[in-house]
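Just below is one structure, and these are the notes that go with it.
Read-outs: derived from the displayed coordinates by stated rules, not from any lab. Fair warning: this is a prediction, and the values are worked out from it, not measured in the lab. Backbone-built Cβ (ideal geometry, glycine too); neighbour counts: all protein chains shown.
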Amino acid sequence: MKSLIIGGAGFVGEYLIRELLREGGQEVVVTKMPQETIAVSGVRVRDLDILDESAIDSILREEHPDYIFHMAAQSSVAVSWEKPQLTIDVNVKGAVNLLEAIRRLKYKPRVLLIGSGEEYGHVSSESMPIDETCAANPGNIYAATKACQNMLGRIYADAYGLQVMMVRAFNHVGPNQAPLFVVADFCKQAAEIEAGKREAVIRVGNLAAKRDFTDVRDVVRAYCMLIEKGTAGETYNIGSGRAVAIEDILNMILEYARADIRVEIDRAKFRPVDVPVIEADVRKVQELTGWKPEIALEQTVRNTLDYWRGLV
C-alpha cells in the first residue's frame, strides 16, 4: 500500500506521517512547497504547488497511490481575514485541481479531504453537539472555503464515482503547532515569560468562546481509520465531543506555569466574527471505526507547554 500526503509539511502532516509509519507496511510519499522542509525520515518527499494542476497530474501518475490525504491548505482563520484571495486559491482552487487530477486517473484511489468544524458556523445551543446533518453556515472566510471543498468532494464522489471522503476536524492541538492558534499562542507566551524573555503578561483575545479541542495525535489516528473504512461521499466529524472555554485552557496554562503571570485583553486578538460555541457529535466516526480520543486535554496542554519551553 502507498499513501500520498498532499501538503504534509504543516503541523498535522508530521503527525500523520509518523502515524502511517508507526502502523507499518506502507510506503509514504509526502508533498511540500519548495521553501518548506520535512524532517521525518523514512518517507519520500516531493515538491508540489497545489495550484499547478499539471504537476499534480504528474505526481499521481508517477506515484500511483492507494490512499491520498489532502492536507494542503491555508488553515488559519486569522490569516483568512487578512488574505482572503490566498485562502480561496489554496483551499478551493487547490482542491478542484486535485479532484480533477484524480478524476483523470484510470483507477480510483481512496481520498480524504480535510475540512473543519468551523464550517458549521453559528449553531444554536439547542443543536449542540453538532452532527453531520447540521447545515454548514460558515462564519469566516476560512470556514467558507472548507465548506466549499466539502461540497465539491461530495459532488465528485456522486458524479464520477470517486472514493472521496470528507472530515470536519474540530480544534486539534499539540506540540509544534504555530502560535497563530490559541493553545500554542498561550503556551509560547508562558514559556517566554518563564525564560525571562518578556514581561509577565499573557495577552489574550476572546476567552468566552468555547471550542472542541482534540490532541493532534488522536486526530491523525482517526484519519487513518477513515481512509480505510469511510464511505465515499460521506462527511465525518472528528473531535472530543466536549466544548471547553478558552478561559479554561488559559487557566490550565497559568496553573502549570513556573511564574506569576498577569492576563491582559488584547483587542487585536479578537476576530471580526467569532462563533460562541463549537462542539462535535462524533458518534458517526466512532460507530464506523471504533475510534475515540485517548489523550486528555490536560496532557496535551502540558506537552505543548513543554515543547515551547524547549524552544525558548
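General remarks:
- Asn206-Leu21 pseudo-label distance in nm [points 7 Å out on the Cα-to-Cβ vector]: 3.9 nm
- Most fluctuating residue given options Arg44, Arg217, Arg110, as computed from a GNM of the chain linking Cα atoms under 10 Å: Arg44
- Angle between the chain longest axis and helix 182-194 axis [Cα atoms, degrees, rounded to 10]: 40 degrees
- Most mobile listed residue (Ile50, Ile141, Ile193) in the chain, GNM with C-alpha springs under 10 Å: Ile193
- Cβ-based net charge around Gly117, under 9 Å, with every Lys or Arg adding one and every Asp or Glu removing one: -2
- Restraint check, Lys83/Lys292; Lys83/Lys188; Lys32/Lys146; Lys32/Lys188; Lys2/Lys83, Cα-Cα greater than 31 Å: Lys83/Lys292; Lys2/Lys83
- Nearest-20 debye value, the chain charge dipole, Cβ charges on Lys, Arg, Asp, Glu: 340 debye
- Theoretical gain in end-to-end length, Asp49 to Gln286 [0.36 nm per residue, Cα-Cα removed]: 81.9 nm
- Taking 0.36 nm per residue of separation and subtracting the Cα-Cα distance, full extension of the segment from Asp66 to Arg258 would add 64.3 nm.
- At an R0 of 45 angstrom, the distance between the Cβ atoms of Ala178 and Lys108 translates into a FRET efficiency of 0.85.
- Gain on full extension, evaluated as 0.36 nm per residue between Asp57 and Arg242 minus their Cα-Cα distance, stands at 62.6 nm.
- The alpha carbon gyration tensor of region 4-147 gives principal lengths a ≥ b ≥ c with a/c of 1.5 or higher and a/b greater than b/c, which makes the shape prolate.
- Charge dipole of region 162-308 (Cα centre as origin; +1 on each Lys and Arg Cβ, -1 on each Asp and Glu Cβ, all else neutral): 260 debye, rounded to the nearest 20.
- Cut-off 10 Å between beta-carbons: net charge of the residues surrounding Ser76, Lys and Arg +1, Asp and Glu -1: 0
- Candidates Ala190, Ala147, Ala178, ranked by Gaussian network fluctuation over the chain, Cα under 10 Å, top entry: Ala178
- Region 116-183 - percent relative contact order, Cα under 8 Å, separation 6 or more: 33 percent
- Modelled FRET efficiency - R0 25 Å, Asp266 with Lys83, Cβ distances, 0.05 increments: 0.75
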